[in-house]
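> Quick one: structure below, then a few questions.
The values are calculated or read from the model by the stated rules, or taken from the named source; none is laboratory data. Everything numeric in this text was worked out from a predicted model, so none of it was measured. Here Cβ is always computed from backbone atoms with ideal geometry, including for glycine, and neighbour counts include all displayed protein chains.
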Amino acid sequence: MAAVTTGVLGGAFDPPHVGHVALARTGSARFGLERLLVRVVAQPGHKDVTTAPEVRLALAQLAFASVGGAEVDLDPFARTVDSLEALDLEDPVFLVGADEFADFLTWKEPDRVLSLARLGVATRPGVDRTELDPVLARLARPDRVTVFELQPHPVASTEIRRRVAAGESIEGLVPGEVEREIRRLGIYATGARPEGGGMLGTNPSERTSPT
């Protein structure tokens, strides 16, 4: 029996937005993924997250519900290499954006990450891919990295949180179900407390993949 082609997409998803969903869909199509494990990192090692993991998990489950083969779970590991070690998948594809890949050498054991998973690096059409060459040149297995194009979605979780706190619209920036749940729970509003606990605030970091 042929092995199932599995992808992994990790991040804080605080909140998940249309760019995350586009990456999931485009990456799944590009690599013929039959499963996509969306990993909501409970305590990311590269940023402070004050939104309760259970709240971010619920939002991510809504956001990725329309992506075929997506399975959304909490990731107890702060670093990608530890998460991949625990998952023990057969040659999965780990999806990241080009901005995240630019920092790949700062991740914990980047070459070990590449031994556990191929990288699918999403970049905007027209971007000069030679910008990625300095990172590729320092990897033991650059052949394990595939770059593919993703239509740009100019949206960031930081801006979404700011807009909610200011009482501004986030229509079109997040899936409709996510917007409704954010409004229902009152999260990201100034002084709001989500059902999972923890005062919410603005997170200055915006990377969508754990290191």
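> Of the residues in the range 75-113, how many are β-branched (Val, Ile, Thr) and out of contact with any helix residue (DSSP H, G or I) (no Cβ under 7 Å at 6 or more places or on another chain)? Before you say what the answer is, go through the steps one by one.
First, pick out the residues of the range 75-113 that are β-branched (Val, Ile, Thr): 80-81, 93, 96, 106, 113.
Restricting the remaining residues to those that are out of contact with any helix residue (DSSP H, G or I) (no Cβ under 7 Å at 6 or more places or on another chain) gives 96, 106.
Final tally of qualifying residues: 2.
> Inspect the range 54-61 for any residue being in contact with a helix residue (DSSP H, G or I) (Cβ under 7 Å, 6 or more places away or on another chain), in contact (Cβ under 8 Å) with a residue 40 or more places away in the chain, within 20 Å of residue 146 (Cβ to Cβ) and not aromatic (Phe, Trp, Tyr) and give the result as yes or no.
No; the residues of the range 54-61 include none that is in contact with a helix residue (DSSP H, G or I) (Cβ under 7 Å, 6 or more places away or on another chain), in contact (Cβ under 8 Å) with a residue 40 or more places away in the chain, within 20 Å of residue 146 (Cβ to Cβ) and not aromatic (Phe, Trp, Tyr).
> Would you mind finding the one in 57, 62, 136 that is in contact with a Leu (Cβ under 9 Å, 6 or more places away or on another chain) and either surrounded by 16 or more Cβ atoms within 10 Å (Cβ to Cβ) or within 26 Å of residue 188 (Cβ to Cβ) (or both)? Can you show your working first?
On the way: 62 fails: in contact with a Leu (Cβ under 9 Å, 6 or more places away or on another chain); 136 fails: in contact with a Leu (Cβ under 9 Å, 6 or more places away or on another chain).
The match here is 57.
> Among the residues of the range 117-132, how many are out of contact with any helix residue (DSSP H, G or I) (no Cβ under 9 Å at 6 or more places or on another chain) and farther than 14 Å from residue 148 by Cβ? Break it down stepwise before answering.
Of all residues in the range 117-132, those out of contact with any helix residue (DSSP H, G or I) (no Cβ under 9 Å at 6 or more places or on another chain) come to 125-126, 128, 130.
Narrowing further to those that are farther than 14 Å from residue 148 by Cβ: 128, 130.
Counting residues in the range 117-132 that are out of contact with any helix residue (DSSP H, G or I) (no Cβ under 9 Å at 6 or more places or on another chain) and farther than 14 Å from residue 148 by Cβ gives 2.
> Report whether or not residue 16 is at pLDDT 95 or above and surrounded by 15 or more Cβ atoms within 10 Å (Cβ to Cβ). Before the answer, list the steps.
Details: at pLDDT 95 or above: yes; surrounded by 15 or more Cβ atoms within 10 Å (Cβ to Cβ): yes.
So residue 16 fits the description; yes.
> Something else now. If I filter the range 68-80 for residues that are free of Cβ contacts under 8 Å to residues at least 24 places away in the same chain and assigned to a helix (DSSP H, G or I), do I get at least one hit?
Residues of the range 68-80 that are free of Cβ contacts under 8 Å to residues at least 24 places away in the same chain, as a first pass: none.
Checking the range 68-80: not a single residue is free of Cβ contacts under 8 Å to residues at least 24 places away in the same chain and assigned to a helix (DSSP H, G or I).
> Among the residues of the range 122-136, how many are out of contact with any Asp or Glu (no Cβ under 8 Å at 6 or more places or on another chain) and not in a loop (DSSP other than H, G, I, E, B)? Before you say what the answer is, go through the steps one by one.
Initial filter on the range 122-136 (out of contact with any Asp or Glu (no Cβ under 8 Å at 6 or more places or on another chain)): 126-136.
Okay, now just the ones that are also not in a loop (DSSP other than H, G, I, E, B), so 129-136.
Number of matching residues: 8.
> Let me ask you something else. Quick check on the range 91-106. Is at least one of its residues farther than 28 Å from residue 161 by Cβ, in contact (Cβ under 8 Å) with a residue 24 or more places away in the chain and in a strand (DSSP E or B)?
So in the range 91-106, the residues farther than 28 Å from residue 161 by Cβ come out as 91-93, 105.
Checking the rest, the ones that are also in contact (Cβ under 8 Å) with a residue 24 or more places away in the chain come to 91-93, 105.
This time we only want the ones that are in a strand (DSSP E or B), so: 93.
Yes: the range 91-106 contains one or more residues that are farther than 28 Å from residue 161 by Cβ, in contact (Cβ under 8 Å) with a residue 24 or more places away in the chain and in a strand (DSSP E or B).
> Here's a follow-up. Can you spot a residue in the range 52-67 that is closer than 15 Å to residue 13 by Cβ and of a type in the set (Lys, Arg)?
yes
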